[in-house]
Structures are given as C-alpha cells and as structure tokens.
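To start, the structure under review is shown below, and the notes come after it.
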2 protein chains.
Amino acid sequence: MANIKEIARIAGVSVTTVSRVLNNHPYVSKDKRTAVLETIEQLNYTRNMNAVHLITGRTGAVAVILPFINSFYFSVVMDGLAQAALAAQYRLILCQTNYVPEEELKVLDMLRNKEIDGVIIVSTALNPEVIEPYTIYGPVVTCQNSGERQFSSVYIEHYAAFRHGLEYLYSKGHRRIGYCEGRQNGSSASIRQNAFQDFLAEKGLPFDPEWMIFDCIREEDGAEVARRLLDKPDRSGRPEAMMISGDHVAAGLIIEARKHGLKIPEDLAVMGFDNQPIGRLLGITTIDNQLHQMGEAAFGIIHEHINGSSLPVTRKLEYRIIERSTV
Amino acid sequence: MANIKEIARIAGVSVTTVSRVLNNHPYVSKDKRTAVLETIEQLNYTRNMNAVHLITGRTGAVAVILPFINSFYFSVVMDGLAQAALAAQYRLILCQTNYVPEEELKVLDMLRNKEIDGVIIVSTALNPEVIEPYTIYGPVVTCQNSGERQFSSVYIEHYAAFRHGLEYLYSKGHRRIGYCEGRQNGSSASIRQNAFQDFLAEKGLPFDPEWMIFDCIREEDGAEVARRLLDKPDRSGRPEAMMISGDHVAAGLIIEARKHGLKIPEDLAVMGFDNQPIGRLLGITTIDNQLHQMGEAAFGIIHEHINGSSLPVTRKLEYRIIERSTV
DNA sequence: ATATTTTATGAAATGGATTCCATAGCAAGC
DNA sequence: GCTTGCTATGGAATCCATTTCATAAAATAT
C-alpha cells in the first residue's frame, strides 16, 4: 500500500531523503531522519524489493542447478552452499531439474532476465559449450571440471581420486577388481570409468565387463550387485575387490553379501566413495571428497564474481582415503 | 540493453503491441506480430523480469524455510516440493535457517517485501502466533500441525502414528519400552514424547527416564545409545524394545548392538520411523509417514492460495507401519 | 574577509514492463 | 440505415525505489 512517495509526503521530506534513510546514507539531519523513521513505523511500511531489484539490477539471489536434492551427494553440497549463502545474506533458488536440458536452460535464462545474480551448476545434463555463452549475462560456477572455460569451477579430481583408491586396493594385494557406478554418462562418472580402465590396462589386470556395473544409485542396487556376484558358482569368476562410487551403494552390497555369509574384506574387499555417515557406521573404507567444502567454495567464488572479480577461477579440492575395515 | 520501448520503435509499433506479443495476447495482426518477433530476435531481447515482478506484484517464487537440507527428512520433503514446483513452473527459494529465529523472520519479511508469493515452512523455531500476522502479506503453509490458525498446514499425526507404533510393540509382547528422539524441543518431537508418555501411563508400563534418550540425530548417536544400553550389566535394567524416531538412528543402534552380539529382535526389538532406504536395507520395521507426499501437498496448497483460494486448509497425511524384521 | 569543503535537501531522470482507457475500422444483426 | 460487437492499435498512467545533478547553507581553511 504505502510507498516511498507517501512516506515522503507525510514526513514532510523528499523521496530522496526517505531513500537515504532507508539505505543508511549520511547527510540526513537527525530530525528528518526520525520523522521518516516514525512515519515508516506508523504506516508499517517496507520497501517493495522488486522495485529495488529493477533499479539496482541486482536481486541478491543465486540459482542452483542440480538434478534432485534427495541424495547424499547433492544435499551435502547444497548444505555447504546454503551455509555460505546464509552468511553472505544471499538467497539460493533451488532449481531441481531432473537433468532435463530445457529446464536447465530456463534457469540460465533467468540470468539473462536479470532474475538472479548468478548460477551455480552442481550437476547438469548440458555441455559446457552450451553454458558458456550465458556467461556474458552473469557469473556461472560449476562443480564439475569443464576444462578451459569462460566460467569458474570447483571440483575434485575424480580421475586422480579414483586411481588413488584403485592403487590402494592394489597395494593390499587385490588384482581382480570390479567397479560400480551410478549413471553411465555424466561427466564425473565417465572420468571415473576412464580412471578404472586406464588403471587396469596399465597394471595388466584382468578386465571383465561383467565386473563393471552401472546404474547403481540406491542402497538396493548395491544389494542387487551382491546377489549377482554371489550367483557365480566359481569363486575365481568373482572379483576380489569392488570399487564403488557411493558409500550407500557399498553399504547395500556389504550388508547383502554378509547375509550370504561372505566375509568382508576377506572374501570381498569393498572400497566406497563420498564418505557418508552410513560408511562410517559400517566401517567402510572410503574416499572423502569434501562435498561440503565444495558447496562453500562454489558459493564463495560466485560471490566474488558478483562483486566484481571477472577472471574465471578453477579450484581443485583435496581428496583422501579413509582407511577403515572393508579393504 | 534493449527494452520494450526500443523494440517498439524499431518494429514500428507501440509498446502495448510489443507487450501483447510477449504475453500472447490476441488482437495483434499477423504482420505486426512477426515484425515484433523479428526485432526481438535481432536485438537478442529478453524482458527484465524485475520490471514484470514490480508491475504484476508477483514473482513466481516461493520460499521454503527449513533448518538444514542435509538430512533424510528434509531432503525428501524438499524433493516433493521441488517436483511439484517444477511441474507448476514455480521457483523455490531454499532458506536454510539453522533454526535461527531472526533468519526465519527475514524470510517472512520477504513476503511483506513482495519478493516472494508465499512461504512454505517445513520446520521452524518460531511459534505459530508469531507467524500468523504475516499471513496478511501472502499465503503461508506449514508442515507441522499448528492448531487452528489463519494459515494452512499439511502434516502427519505424529501422536497417532507414534502410538500406533507403540501399540504394535505392545501387541508383540514388549512391555519395557524405550524411546529415542532427535531434538527435545520442536513441535513434532514433543508431540511424540507426549504420545510415548501417555501410552506408558495408560498401559501401566514401567517408565524409566534413562530409557528416554534425546539428541539422537545421526547414525552415530544410535550406536552410542546401543553402547549405553549394553553397559547395563543387568538385562532387566534394559528395555526390551526401542521406539526410535529416524531409521538412520535405528540403523546405528542395530549395527552397534549386533556387533556386541545382541540379537535383534530377540534381545532387543527396534522400531524405526521415516521409512528410509537404510531401514529397508537392514529390514527395520518402521513407520512410513509419506514425506514426499507432504512436500507435494504443501506446494499444491500454496499454489492454490496464490491463485485465489483464501481459506486455510488442514491436510492430514496417512501413516502406516511397515512390518519387517526388527520387532 | 574570502575561498573552499562539508553537510543537507530536493527535483527529476531512470530502470522496464503491464494495463486501463480511448479510438477506429469492419462485420454482423435487425 | 442504424446499432451492436469484434478486431486492432496506441497513449498514458502505473508499479516503486535509486541516483545523478543542482542548489544552498554551514563550517572550516587561508
């Protein structure tokens, strides 16, 4: 109802003065300031932020693109983002896109439309070259390695991390190694797959396509893998060790395998990924990849971009193996 | 750069006509329409949504208040919300508040400021009477039962659901029943606590304050509870059954208890809550409380409110016991 | 006493779209 | 031949706050 003009009229000052009071600018006399504040109080006035956004060209909001929030990986990254955004007094628009490219493009269009100040892409179905042109409208930060681009990124070196895990299995004497992955396509998944295949090739280890299993998303998928491996009557037809991206999937596999009397790690070694609480509980040896820090860093970078720094940044995060008892 | 005025000038029409084209209004001749569309294409024009928000008084965005996203409960509800919002072409602003009242009030102020069209409160530290006055600025929906209020809510009947679980334990012959809860305060937690105490009193069952354990948030807390219970040398000093709000906590307890040689459910029956994937994996008997549907319903209600329906709605969701093998 | 800086204030332009209201041509109805 | 209704179009008001520019008084410096 009430607007700045009315406040000005009633307080007997100009709209400029009201705006100054609102924004804590100096050069407002004490009496006028109190007059304005009193009128604001009386009329229960607050500014219409849409008008502010229009004139300032800023909204104090950043969009976050991810496929779904209901997964350990994304909810931890999101928590890191949200924590940082809260501290910086920024708003996050959660754009859960289900990996639908059109939806993701709509979000990038929000940047053109000036609805948001920046976009953080946690995971996307879009190719980097599709994203790049949007950077002229505002800062974009990805949480995936997207090569040499005009936008910033924060990521863990999946290739190195995964190889490191494989080296660890190797050092423990394991030679027949299998591998479970989530979605087969997807940038980090294919990087991990390369790491896996390169490693086997370099070490001259046996490669059995049946030991490379995709679409392991949920706990139950891990259990299913256990059943499938146990189906093999011949023990030598089974891997000795499994590298599994996602501790929850590893947990499913372990619990199911134990049900069938398998000893972990004696009969089957299991190496997880993501350092999830369930992994800690079950004593799963895993690779911590600092998801929370990734979120924090991604927000930090976009925040800097919004406040002027225009050069793209590439930040690699550390990973480390957490030795527990499943290898 | 380019605005509607410039498009109008170059296309040789009025701004009104451009606006009509933009909004698919009828009464625009074919040639003018194409002229406008071509000019838009040429100048790579998109509208400034902040101007649209200002004049229309709508933003197409809804804020979601919750303490943290990184937990099963909240991420599932959020997923439900996000799914519904995507379908309705709405944006969700994730306001992770850490249960800090000032932050929550800031979000409600966004409603006053017209930055958002509505607020969905998944969980809050604020009392309903503090929230109520904000409903004059726009629709508010809570995911907690907040009594007779001027705003809508969607919730499961925690009291009934919890009692139902207790009845189930009772029907299986358990008499010495313990209870694990997350935060001690918090509306649904205290409702559950009442249900627990009322039930014991009515059935004349033994109540030991040591069997009522709070601050069980994480898996590890459940493991800690197991250790504490096992410390009791005397078996009759231990409960026969535990009612645990949160399957992940139940999982922690079960895994730790089994490590110490306890048989579940023979030595200790465990009933979970929330129907989480980990519960399914471990065969935990639990209560499903339709969290995803809660999110969907909450969005549905706020969407209806935004589109006119002003009467507050109260929607109760069904719950059901999922019988597995820990009771 | 004069020149300069600091403080205080407001008018008007700006950001960019939507929509009410007015006007007019043209077709159909009686 | 006259009224009513539909299609098409534009002018101007509206939404509301920020900021530049101009002006003037007061305070400080020379």
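Mind scanning A:LYS263/B:LYS232; A:LYS5/B:LYS114; A:LYS263/B:LYS259 and naming the pairs with a C-alpha gap bigger than 25 Å?
Exceeds cut-off: A:LYS263/B:LYS232.
Give me the angle, in degrees from 0 to 90, between the Cα long axis of helix B:101-112 and the longest principal axis of the Cα atoms of chain B, rounded to the nearest 10.
Taking the Cα atoms of chain B, the angle to B:101-112 is about 30 degrees.
What do you get for Rg/Rh over the range B:214-326 if you use C-alpha atoms and the Kirkwood form of Rh?
Dividing the radius of gyration by the Kirkwood radius yields 1.16.
Tell me the total accessible area that A and B bury against each other, 1.4 angstrom probe, in square angstrom rounded to 100. Please report the intermediate quantities before stating the final value.
Numbers: alone 16610 and 16600 Å², together 28530 Å².
Roughly 4700 Å² of accessible surface disappears when A and B pair.
How big is the Cα convex hull of the range A:4-47 in projection, averaged over all directions, in nm²?
Computing the convex hull of the Cα atoms and averaging its projections yields 2.5 nm².
Relative to the other copies, what are the label-point distances for A:ARG9, with labels 7 Å from Cα along the C-beta vector, expressed in nm at one decimal and sorted shortest first?
3.3
Return the residues of the range B:273-288 for which accessible area with all protein chains present is lower than in the chain on its own by 30 Å² or more; set the probe to 1.4 Å and exclude ligands, DNA and RNA.
B:PRO277, B:ILE278, B:ARG280, B:LEU281
If you add up the charges near B:GLN150, with Lys and Arg at +1 and Asp and Glu at -1, over every other residue whose beta carbon is less than 13 angstrom from its beta carbon, what do you get? Before the final figure, lay out each step's value.
On the way: positive: B:ARG149; negative: B:GLU129, B:GLU132, B:GLU148.
After counting each charged neighbour, the total is -2.
Go through the range A:312-327 residue by residue and turn each phi into a ³J(HN,Hα) via Karplus (6.51, -1.76, 1.60, θ = phi - 60°); whole Hz please, and just put x for glycine and proline.
With the stated coefficients, the range A:312-327 comes to x, 10, 10, 10, 9, 9, 6, 10, 7, 7, 9, 7, 10, 10, 9, 10 Hz.
Could you report the accessible area of B:GLU220 in Å², rounded to 10, computed with a 1.4 Å probe on the protein chains as they sit in the structure?
60
Is the range A:153-228 best put as rounded, prolate or oblate by its Cα gyration tensor, with a ≥ b ≥ c the root eigenvalues, rounded for a/c under 1.5, and otherwise prolate when a/b is larger than b/c, oblate when not?
Because a/c hits 1.5 or more and a/b fails to exceed b/c, the range A:153-228 counts as oblate.
Ranked from the most accessible area to the least, with a 1.4 Å probe and all protein chains present, what is the order of B:THR46, A:THR124? Could you put the intermediate results ahead of the total?
On the way: B:THR46 45, A:THR124 20 Å².
Ranked from most to least accessible, the order is B:THR46, A:THR124.
Considering every pair of different Cα atoms, what Kirkwood radius, in Å, is found for the range B:158-288?
14.3
Would you calculate, for chain B, the mean residue ellipticity at 222 nm contributed by helices, counting each DSSP H stretch of 4 or more residues as -39,500 (n - 2.57) and dividing by all residues, to the nearest 500?
That calculation yields -14000 deg cm²/dmol at 222 nm.
For the range B:66-78, just list the computed ³J(HN,Hα) in residue order, Karplus coefficients 6.51, -1.76 and 1.60, θ = phi - 60°, integers in Hz, with x standing in for Gly and Pro.
8, x, 7, 8, 7, 7, 3, 3, 6, 6, 6, 4, 4
Quick one, what does Rg over Rh come out to for the range A:1-131 if you take C-alpha atoms and the Kirkwood Rh?
Radius of gyration over Kirkwood radius for the range A:1-131 works out to 1.16.
For the range B:158-288, what is the accessible area per residue in Å² when the probe is 1.4 Å?
On the way: 5200 Å² over 131 residues.
Accessible area per residue: 40 Å².
If I model a spin label as a point 7 Å beyond the Cα along the Cα-Cβ vector, how far apart are those points for B:LYS263 and A:GLN184 in nm?
Distance between the two pseudo-spin positions: 4.6 nm.
If you put a point 7 Å past Cα along the Cβ direction, how far is that point for A:GLU318 from the same point in each other copy, in nm, smallest first?
Nearest first, the other copies' label points are 5.2 nm away.
With the other protein chains left in place, how much accessible area per residue, in square angstrom, belongs to the range A:4-47 at a 1.4 angstrom probe?
On the way: 3000 Å² over 44 residues.
Accessible area per residue, the range A:4-47: 68 Å².
Can you list residues whose amide H is under 5 Å from A:ILE156's amide H, if they're 5+ apart or on another chain and H is modeled 1.01 Å from N?
The list, which skips near neighbours in sequence, is A:LEU317.
Which residues belonging to the range A:49-68 lose at least 30 Å² of 1.4 Å-probe accessible area when the assembly is complete, relative to their chain isolated?
Residues of the range A:49-68 that lose at least 30 Å² of accessible area once the other chains are added: A:MET49, A:ASN50, A:HIS53, A:LEU54.
Can you list the residues, at least 5 places off or on another chain, whose amide H is less than 5 Å from the amide H of B:ILE213, using H built in the peptide plane?
Those lying under 5 Å, H to H, from B:ILE213 are B:TYR179, B:CYS180, B:GLU181.
Tell me the distances, shortest first, between A:ALA189 and the same position across the other copies, using label points 7 Å along Cα→Cβ, in nm to one decimal.
Output for A:ALA189: 3.8 nm, nearest copy listed first.
Which of the cysteines found in the protein assembly as shown have nothing to pair with, since no other Cys Cβ lies under 4.7 Å from theirs?
A:CYS95, A:CYS143, B:CYS95, B:CYS143
Would you mind computing, in nm to one decimal, how far apart the modelled labels at B:LYS316 and A:GLU148 are, each placed 7 Å from Cα along Cα→Cβ?
6.6
With a cut-off of 11 Å, note down the residues of the range A:227-266 whose backbone N falls inside the zone around a label point 7 Å from the Cα of A:LYS203 toward its beta carbon.
It comes to A:240-243, nothing else.
In a shell of Cβ-Cβ distance under 15 Å around B:GLU129, excluding B:GLU129 itself, what net charge do Lys and Arg (+1) and Asp and Glu (-1) give?
With Lys, Arg at +1 and Asp, Glu at -1, the net is -2.
Around B:ARG320, which amide H atoms from residues at least 5 apart in sequence, or from another chain, sit under 5 Å from its own amide H, with H modelled in the peptide plane?
Counting only residues 5 or more places away or on other chains, the set is B:ASP288.
Over chain A, with every protein chain in place, what whole percent of the accessible area is carbon and sulfur at 1.4 Å, could you tell me?
Details: 6920 of 14270 Å².
For chain A, the apolar C and S fraction of the accessible surface comes to 49 percent.
Kindly write out, for the range A:215-223 in residue order, the coupling ³J(HN,Hα) from the Karplus curve 6.51 cos²θ - 1.76 cosθ + 1.60 (θ = phi - 60°), rounded to whole Hz, with x marking Gly and Pro.
Couplings: 6, 9, 9, 10, 3, 4, 5, x, 4 Hz.
How big is chain B by the Kirkwood estimate over distinct Cα pairs, in Å?
The Cα-based Kirkwood calculation yields 22.5 Å.
How long is the gain from A:ALA88 to A:GLU167 if the chain were fully straight, where each residue apart is worth 0.36 nm and the alpha carbon distance is subtracted?
Values: separation 79, 0.36 × 79 = 28.44 nm, distance 4.06 nm.
Here the answer is 24.4 nm.
Using only Cα atoms, what is the ratio of the radius of gyration of the protein assembly as shown to 2.2 N^0.38 Å?
1.09
The values are calculated or read from the model by the stated rules, or taken from the named source; none is laboratory data. Worth saying up front: this structure is predicted, and the values here are computed from it rather than measured. Don't worry about glycine lacking a Cβ; one is built from the backbone with ideal geometry, like all the others, and counts go over all protein chains shown. Note: accessible area is taken over every heavy atom of the protein model, side chains too, but ligands, DNA and RNA are not part of it. Shrake-Rupley method; radii C 1.70, N 1.55, O 1.52, S 1.80 Å.
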